[in-house]
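Structure record follows, encoded as structure tokens.
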Amino acid sequence: MSWTKVLATEALSPGTRQVVKVGKRNILLLNHENQLYAVENTCPHLKLPLKSGKIADGAIVCPFHRSAFDLRTGAVTNWCPWPPGVGKLLSMVSQANALPVFPLRVEEGNIWIDVQEE
């Protein structure tokens, strides 16, 4: 593993989000209900940013087409339900890919993540 210090824990208070750059990746750090998560900030469907997506039932929901991804595993929990009619078409032309998630640890007041470059 190759751990990178990305942010002081005090900068990610409950309910906040922060995008950090590690190598070529934009990583979204979230503090949701005092649990920290590190996920790719790009939806694997249309490559749009997830930072403003709502969190529901332990998943982050893409603000553009409402696909949802489990925050712990990155697994798809809902694929292309929107926009009506077009969502089904989009789901047929693109695969339901999981959202990359990254190992995270807190040590000495800092958040560290392990990001393997592609």
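With viscosity 0.692 mPa s and temperature 37 °C, the Kirkwood radius over alpha carbon pairs of the chain converts through Stokes-Einstein to a diffusion coefficient of 224 µm²/s.
Taking the square roots of 5 times each eigenvalue of the Cα gyration tensor of the range 1-60, largest first, gives ellipsoid semi-axes of 18, 17, 9 Å.
The number of Lys pairs in the chain with C-alpha atoms less than 18 Å apart, excluding pairs fewer than 8 positions apart on the same chain, is 7.
Computed from the coordinates by the stated procedures, all read-outs in this text should not be read as laboratory data. These figures come from a predicted structure and were not determined experimentally.
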